[in-house]
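Student: Take a look at this one; I'll ask things after.
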């Protein structure tokens, strides 16, 4: 009767770390074209993006999906 645990692949990774790694990988321009939200396209910063993403679940979900679907080199994550 062992229960299988479904592990969250983002467990232990902060939103700040996610956004920072995406910006390092893609840059603001590419990130803004992949996910069209103003915090990535108009005067972007980590701070303003975090404020918006913490208040906007649909946008945060898109960012998390992009993070999970990105093919990272082995030394990035």
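Values in this text are rule-based calculations from the coordinates and carry no lab data. Please read all numbers here as calculations on a predicted model, not as lab measurements. Cβ coordinates were reconstructed from backbone atoms using ideal geometry, including for glycine residues, and neighbour counts include every protein chain displayed.
Student: Between residue 17 and residue 58, what FRET efficiency follows from the Cβ-Cβ distance if R0 is 25 Å, with the result rounded to 0.05?
Tutor: It comes out at approximately 0.75.
Student: May I ask you to derive the FRET efficiency for residue 6 and residue 46 from their Cβ-Cβ distance with R0 = 35 Å, giving the value to the nearest 0.05?
Tutor: 0.70
Student: For helix 57-69, report the angle its Cα long axis makes with the longest principal axis of the Cα atoms of the chain; keep it between 0 and 90° and round to the nearest 10°.
Tutor: So the inclination is approximately 70 degrees.
Student: Compute the acute angle (0 to 90°) between the alpha-carbon long axis of helix 46-55 and the principal axis of greatest extent of the alpha-carbon atoms of the chain; round to the nearest 10°.
Tutor: It works out to around 60 degrees.
Student: Using just the helices of the chain, give the 222 nm mean residue ellipticity in deg cm²/dmol: DSSP H runs with n ≥ 4 each add -39,500 (n - 2.57), and the total is spread over all residues, rounded to 500.
Tutor: Taking each H run of at least 4 residues, the total per residue is -19000 deg cm²/dmol.
Student: How much length is gained if the chain between residue 72 and residue 29 is pulled fully straight, taking 0.36 nm per residue apart and subtracting their Cα-Cα distance, in nm to one decimal?
Tutor: Difference between extended and current length: 13.6 nm.
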